[in-house]
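First up is the structure itself, then whatever we jot down about it.
The values are calculated or read from the model by the stated rules, or taken from the named source; none is laboratory data. Quick caveat, the model's predicted, so the values are computed rather than measured. So basically every Cβ, Gly included, is an ideal-geometry build from the backbone, and we count neighbours across all protein chains shown.
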Amino acid sequence: MRPLPLAAAVAAFVVLAAPSAAPAAEGSTTRFAVHAAHFVDVKAGVLRGPAWVVVSGDTVESVESSAPAGLAVTELGGATLLPGLIDCHTHQSARPGIGPMEGLKSPAARNAITGVNNVRATLEAGFTTCRDVGGGELVDVSLRNAINEGEIPGPRMQVATWALSMTGGHGDDRNQVDYHWENDLATGVADGVDECRKKVRFDVQQGADLIKILATGGVLSANDDPRHTGYTQEELNAICDEAHRLGRNVAAHCHGKEGMIWASNAGVRSIEHGSYMDAEAAAVLKKNGTWYVPTLYVLEPLLAPGNPLKFTEQSLEKARMVRGHMHDAFRTALKTGVKIAFGTDAGVFPHGTQVKEFKIYTDLGMTPMQAIQTATTSAAELMSWSGKVGVVAKGSFADMVAVSGDPLKDITELERVKWVMKGGKVYKDELKR
Ligand SMILES: [Zn+2]
């Protein structure tokens, strides 16, 4: 729920990277087919009989209902095949369980080492695509680039670099300490219209695919209130104007209702968390076409007995306060018809375990198919990557996962993804055939 703390001293030298307008391609031209007895067609919203997915290189050529002639077949037997999953709210450079002060002292190189393990765990859990909505020190940019260059296994990533925060807001790490250090560009702190515009330009220069802003206070930051607004309407309008001018979407961390409405009216693409969304706020999001990324599972490990993630009592108190509202917000959004995309805040808790988010969505009223669509077609639409990810169809990347059972009967099948392919390459195979 907070961006990674910044160790300001190590951020001086950075490698510039071109923003990735489209997901990166992988480059082989081998043709083969993947066969499974069942196939979740997320676009049509139905479970289909046997399917043969014809793959050419890293791309899906076609989906057939009978065996294509003359092709090698990757046999998945009685398994159920789905598109690779998408998590729209992760922090891949975060190291869970170290507490805020150790986090503040953790240098970029250390976070990068953790990040390599995090992106692999994310991929092996079934997430072939993710958004990283706030890291520091460009670890997120480096992870994205190393994955795209085939150096390490991990999901396709859109990254936000530094999340914009007002002074004293959810992303101002000076809240944590009793001394003051000079602000510079290598943090997300920006106040006033001019500084906000400049910070958006800086993030884009440094490789941001999207802009993340902290439009209300947060839970895991010190001395702020999740219900308070984090930016004025003028600042939010300027941030969105600048981001859109540079071809970037804006994701807004929001707990409080007022900040959520302001951010939606400013034109952000998504509201993250949305804890205090009521009928009035939901109606605004629906009218503006703003996405809602719920992040509900995070509260379970956060409030687990014994405080395993080592957060401060003040943060735990705030977590207990918002917990009572987040499930109501989800039900209200679902009833109102707000667009919902899957997101978890993985990084606050261990990467790979965010698969437990699905069950909460069905417990709160979604059908299993709707829950799967939040992490496939809907997440892809939120990321402006429709047709390339979140679907297995002609022209999409060959990003697929398989489970042993039927996830439409038991959504927790997605907690046990047995087989993962990304860009035509198998990264995990634990299927019994
Ligand atoms: Zn977060």
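Restricting Q354, Q373 to those that are in contact (Cβ under 8 Å) with a residue 40 or more places away in the chain, more than 13 Å from Y292 (Cα to Cα), assigned to a helix (DSSP H, G or I) and touching an Asp or Glu at 6+ places or on another chain (Cβ under 7 Å) reduces the list to Q354. Being modelled with pLDDT under 95, under 27 Å from L296 (Cβ atoms), assigned to a helix (DSSP H, G or I) and within 16 Å of the ligand (Cβ to nearest atom), is that true of even one residue in region 82-104? Taking every residue of region 82-104 in turn, at least one turns out to be modelled with pLDDT under 95, under 27 Å from L296 (Cβ atoms), assigned to a helix (DSSP H, G or I) and within 16 Å of the ligand (Cβ to nearest atom).
A Cβ distance below 6 Å, combined with a sequence gap of six or more or placement on separate chains, defines the contacts here; from region 280-303, residues that are at negative phi and touching a residue at least 60 places away in the same chain (Cβ under 8 Å) reach residues that are part of a strand (DSSP E or B) and buried (at least 16 other Cβ atoms within 10 Å of the Cβ) in the pairs W291/S270; V293/C88; V293/H89; V293/S270; V293/E272.
For region 376-399, the set of residues classified as part of a strand (DSSP E or B) and under 15 Å from the mean Cα position of the chain (by Cα) consists of V389 only. Taking G337 as the residue in question, decide whether it is touching a Lys or Arg at 6+ places or on another chain (Cβ under 9 Å) and within 14 Å of the ligand (Cβ to nearest atom). Here the answer is no, as G337 does not meet what is asked.
Pairs are defined by a Cβ separation below 9 Å, a sequence spacing of at least 6 or placement on different chains, a first member in region 80-100 that is free of Cβ contacts under 8 Å to residues at least 40 places away in the same chain, and a second member that is away from the ligand (no atom under 12 Å from the Cβ) and of a type in the set (K, R); the pairs so defined are R95/R110.
If only residues of region 275-312 that are among the polar types (S, T, N, Q) and under 18 Å from H255 (Cβ atoms) are counted, the one that is surrounded by the fewest Cβ atoms within 10 Å (Cβ to Cβ) is T312.
Of the residues making up region 400-433, those that are assigned to a loop (DSSP other than H, G, I, E, B) and within 28 Å of G365 (Cα to Cα) are S404, G405, D406, P407, L408, K409, D410, V417, K418.
The lone criterion from (1) hydrophobic (A, V, I, L, M, F, W, C); (2) within 20 Å of G168 (Cβ to Cβ); (3) in contact with a Ser or Thr (Cβ under 8 Å, 6 or more places away or on another chain); (4) crowded, with 23+ Cβ neighbours inside 10 Å left unmet by I271 is number (2).
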